[in-house]
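Written below as structure tokens is the structure these notes are about.
The values are calculated or read from the model by the stated rules, or taken from the named source; none is laboratory data. Just so it is clear, the model here is predicted, and its values are computed rather than measured. Cβ sites come from the backbone with ideal geometry, for glycine too, and all protein chains shown count toward neighbours.
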Amino acid sequence: MRPIGLIDDEPPTMGPDRDLPSSIPYLGKLATIEEAIALTGAECMVVAFSRTRDEAMTEAIRIAHRCGMAVWVVPRIFDTIGVHARIDHIGGLPLIAIAHTDPHGWQFVAKHISDRVVATVGLVLISPVFLTLMLLVRLSSRGPIFYSQPRVGRDGRVFNCRKFRSMRPLRESDAAFTLGDGSAPGGVEGEDRRTPIGKLMRATSLDELPQLINVVTGEMSLVGPRPERPEYVDMFNADITRYGERHRVKAGMTGWAQVHGLRGKTSIADRAEWDNFYIENWSLWLDLRILAMTVPAVLDRAE
């Protein structure tokens, strides 16, 4: 959807001393809504929060319907309402029945069992590629074949997340890394120490194949929020709303946020929003959809 404008009986602000962005113009009061619809050619209306009387808002909805517009109403506690919510009616009063996702329920037990089975079969099928990458990493530079890093998983438990080593060892002369405000760590941090095979693996996400072992051992899932380092988790918990709620489920090799472009140094607040949406609206179909979307996301080369 492309926002055309905002109508309200009070001129809007986006916080102290901040006006509405110029890309979303203020079109006037509710009394002028019919003229605004005709002028802009708007096709739908979203009713959000306002101090305007309910009677005036109801009349605006009726006008929008007469003009052939689709109308949506944003519920007050919108963060708690997922795609599985339904509308019940009691005595003519509409009530939103909120579905509950239980990360400790039988559905997630079945998910974790299937994860292990699929990961085991996957390791067998890709074993020639896996062994070839092990050899190339060994020949690329001195150091171990695998790189393990502490990450935070389900219920805040720390585990060692496995990857193929893609960098040469750190030198004293290498530049230090500083995390940018509001962004997640990832990609190339500090000095670019990637080996030639490391660059290829990072660009194609082949360096993350050893995480299939984490899935087999039950530390990770095929699909879930991407795990982060403990020191960053502590910082993000303090600064990002609902960040800690991501840890209700196992961390994943791929996730709802990643297949929507939130990889590398992207907004951690956006990641938390997408990850919590995934948890609260989880289904086997959603997992399959994410796995299918991962293929083109991986082909879109990244650092």
- Query: Quick check: anything in the range 112-123 touching a strand residue (DSSP E or B) at 6+ places or on another chain (Cβ under 6 Å) and closer than 29 Å to Leu200 by Cβ?
  - Reply: yes
- Task: From (1) touching a His at 6+ places or on another chain (Cβ under 6 Å); (2) crowded, with 17+ Cβ neighbours inside 10 Å; (3) not hydroxyl-bearing (Ser, Thr, Tyr), pick out the condition that doesn't hold for Gly156.
- Result: (2)
- Inside the range 58-72, can you point out the residues that are in contact with a Cys (Cβ under 8 Å, 6 or more places away or on another chain) and either basic (Lys, Arg) or in a strand (DSSP E or B) (or both)? Ala70, Val71, Trp72
- Give, as residue ranges, the strands (runs of 3 or more DSSP E) completely inside the range 73-159 that count at least 1 residues that are more than 30 Å from Arg62 (Cα to Cα) and not polar (S, T, N, Q). 146-152
- Note on the structure: Counted residues in the range 67-100 being closer than 24 Å to Lys250 by Cβ and surrounded by 12 or more Cβ atoms within 10 Å (Cβ to Cβ) come to 6
- Task: With respect to Asp54, determine if the residue is surrounded by fewer than 14 Cβ atoms within 10 Å (Cβ to Cβ), more than 24 Å from the chain's Cα centre (by Cα) and not assigned by TED's automatic domain parsing to the domain that holds Leu212.
- Result: yes
- Message: Take Pro103 and tell me if it is surrounded by 13 or more Cβ atoms within 10 Å (Cβ to Cβ), at pLDDT below 90 and under 21 Å from Phe277 (Cα atoms).
- Response: yes
- Across the range 289-303, what is the total count of residues that are in contact with a strand residue (DSSP E or B) (Cβ under 9 Å, 6 or more places away or on another chain) and either of a type in the set (D, E, K, R) or surrounded by fewer than 20 Cβ atoms within 10 Å (Cβ to Cβ) (or both)? 6
- Item | Per-region count, the range 209-232, residues part of a helix (DSSP H, G or I), under 21 Å from the mean Cα position of the chain (by Cα) and surrounded by fewer than 20 Cβ atoms within 10 Å (Cβ to Cβ) | 3
- Query: Hey, does the range 241-261 have a residue that's surrounded by fewer than 16 Cβ atoms within 10 Å (Cβ to Cβ), touching a residue at least 40 places away in the same chain (Cβ under 8 Å), out of contact with any helix residue (DSSP H, G or I) (no Cβ under 6 Å at 6 or more places or on another chain) and not aromatic (Phe, Trp, Tyr)?
  - Reply: no
- Message: So Ile279 ticks every box in (1) of a type in the set (A, V, I, L, M); (2) under 16 Å from the mean Cα position of the chain (by Cα); (3) within 24 Å of Tyr147 (Cα to Cα) but one. Which box is left unticked?
- Response: (3)
- Which listed residue, of Met14, Met45, is modelled with pLDDT under 90 and either closer than 23 Å to Phe78 by Cβ or exposed (fewer than 15 other Cβ atoms within 10 Å of the Cβ) (or both): Met14
